[in-house]
Amino acid sequence: MIEHAILLSAGQGSRLLPLTAERPKCLIDFSGHSLIEWQIEMLARRGVKRIDVVTGFMTDLVDDHLAGISDPRVEVVSHFNPFFKVADNLGSCWIVREEMRGDFLILNGDTLVSEDIVARVQQGSDWPIAVTVDVKPAYDSDDMKVQREGQRLRRIGKTLTEAESNAESIGFLAFRGEGADLFREAVRTAMRRPEGVQHWYLKVIDLLADTGKVGTVSIEGMDWAEVDFLNDIETATRLTDEWVADRR
């Protein structure tokens, strides 16, 4: 059981404008709760006791919102990323690199995952680094595509071709044992290079794939949603409506 998670919630969500003109993506309401509230809830249900949230756009608004979440199951701590306008989410990982001690999870700030998915990831695997993946008939240019051989991850990135891809990352990773140290050191090394600020953290995972220590966990057929574009709002809301109905 992994008790520590990191949420990467620094972005504005510019592709969701005008919805995110005066609030960040993580505070969009879905069925009566913010996106980040749903993330905290689902993680807490499955044993996560500490969550480090990396903030950026309108950080004071996010901090106030987090302060209003009273959940005895979990401690939530925010970390401001002052480089959020000029650095991609590898910069957010760099901000919390010293928190990457022991086993931990990383969840993208725009991904809604069900309790069952968290449970599946918590079941563990033999991989020091495990990338949660889904499978669909075809992949487009915006998908974070994955090439895997069995459960081993060979490549990950948006630039993979359709022929190279046989899964997609949902933006949810688990680091166990040596995986935490491998990733933390890779983040530190990457951010020392001039091009580091231009990269997603999954670029680092792609580089680490050659070590043979990066695997995948499939959640094919399970419920999740990525909130990137305005047409994603309806899909995500249907999902959270189901979660609300299940509580009744």
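The values are calculated or read from the model by the stated rules, or taken from the named source; none is laboratory data. Worth saying up front: this structure is predicted, and the values here are computed from it rather than measured. Neighbour counts run over all protein chains shown; Cβ positions are idealised from the backbone, glycine included.
Annotation note: of Ala190, Ala245, the sole residue that is modelled with pLDDT under 95, surrounded by fewer than 13 Cβ atoms within 10 Å (Cβ to Cβ) and either in a loop (DSSP other than H, G, I, E, B) or hydrophobic (A, V, I, L, M, F, W, C) (or both) is Ala245. Inside region 32-66, residues that are among the β-branched types (Val, Ile, Thr) and assigned to a helix (DSSP H, G or I) make up a count of 4. Here the condition is being surrounded by fewer than 24 Cβ atoms within 10 Å (Cβ to Cβ) and touching a helix residue (DSSP H, G or I) at 6+ places or on another chain (Cβ under 6 Å); of Glu115, Glu149, it holds for Glu115 alone.
Among the residues of region 193-222, which ones are touching a Ser or Thr at 6+ places or on another chain (Cβ under 7 Å), over 15 Å from Gln151 (Cβ atoms) and part of a loop (DSSP other than H, G, I, E, B)?
Initial filter on region 193-222 (touching a Ser or Thr at 6+ places or on another chain (Cβ under 7 Å)): 202, 215, 217, 219, 222.
Next, from what is left, pick out any that are over 15 Å from Gln151 (Cβ atoms): 202, 222.
Residue satisfying the conditions is Met222 alone.
Only one of the numbered conditions (1) surrounded by 15 or more Cβ atoms within 10 Å (Cβ to Cβ); (2) assigned to a loop (DSSP other than H, G, I, E, B) is violated by Leu182, and that is (2).
Arg101 satisfies every condition listed in (1) outside any strand (DSSP E or B); (2) crowded, with 18+ Cβ neighbours inside 10 Å except (2).
Taking the criterion of being under 19 Å from the mean Cα position of the chain (by Cα), outside any helix (DSSP H, G or I) and not small (Gly, Ala, Ser), the residues of region 67-91 that qualify are Val74, Glu75, Val76, Val77, His79, Phe80, Asn81, Phe83, Phe84, Lys85, Asp88. Which of the residues belonging to region 29-48 are of a type outside the set (A, V, I, L, M) and within 15 Å of Leu105 (Cα to Cα)? The answer is Gln39, Glu41, Arg45, Arg46, Gly47.
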